[in-house]
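Reviewing the structure listed below.
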Amino acid sequence: MHDNRKLVIEYDNFKILQETEKFILGYLWEEVCLYDKVRKKEIFLHEFYGEIECGLLCDKEEWCVIGGDVLVVWKNKKNIVIDRKELNWVHDLKKKNSKIVEIFIDPWSDNAAIWELNIDNLNLKKISEFDNHKNKLYSEKVKW
């Protein structure tokens, strides 16, 4: 990134996914970034295909997870892209605890399911199928 470039968070269309005392997690169209408010630096995380659906920041600000066409985990100051067919098109995320994130895959797709991601070791475990929404109209919020 160039020093004279406008920061992503400075654009009117920048959307905040979550904000903590230290960070702003958000995106501008397909580009997602983590903005360090203390150092006033932008950390590029990933360029998604299509708009980002959801993102979570750890309460201790040690990691974040972003969902869209793929799943991106930022921890230890590194980006990890998880691109598995059964995890494509993340619709929502929930923190189960400080180390486990629940992942809700597109409820209108054939892969609709709920998964768990262990942040420490990046192990993924399918919790359940989610078939009860496939023939319903689209809505941004789906109860799961």
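The values are calculated or read from the model by the stated rules, or taken from the named source; none is laboratory data. For clarity, every value in this text was computed on a predicted model and none was experimentally measured. Note: ideal-geometry Cβ built from the backbone for every residue, glycine included; neighbour counts use all protein chains shown.
Identify all residues within the range 94-144 that are acidic (D, E), modelled with pLDDT of 95 or more and either farther than 19 Å from E61 by Cα or out of contact with any Lys or Arg (no Cβ under 8 Å at 6 or more places or on another chain) (or both); write none if there are none.
Matches in the range 94-144: E116 only.
Which residues, taken from the range 113-136, are more than 19 Å from V65 (Cβ to Cβ) and assigned to a loop (DSSP other than H, G, I, E, B)?
Listed by number, the residues that qualify are D131, N132, H133, K134, N135, K136.
Is it the case that L124 is within 17 Å of E31 (Cα to Cα) and surrounded by 14 or more Cβ atoms within 10 Å (Cβ to Cβ)?
No.
Closer than 24 Å to W108 by Cα and at pLDDT below 95 - does that describe any residue in the range 56-63?
No, the range 56-63 contains no residue that is closer than 24 Å to W108 by Cα and at pLDDT below 95.
Modelled with pLDDT of 95 or more and over 25 Å from K141 (Cα atoms): is that true of Y35 in this structure?
So Y35 fits the description; yes.
Could you tell me which of the residues V90, V72, V65 is farther than 12 Å from L122 by Cα and either touching a strand residue (DSSP E or B) at 6+ places or on another chain (Cβ under 7 Å) or of a type in the set (A, V, I, L, M) (or both)?
V90
Scan K60, K96, K15 and give me the residue that is farther than 21 Å from K141 by Cα and either of a type outside the set (A, V, I, L, M) or in contact with an Asp or Glu (Cβ under 9 Å, 6 or more places away or on another chain) (or both).
Exactly one of K60, K96, K15 is farther than 21 Å from K141 by Cα and either of a type outside the set (A, V, I, L, M) or in contact with an Asp or Glu (Cβ under 9 Å, 6 or more places away or on another chain) (or both), namely K60.
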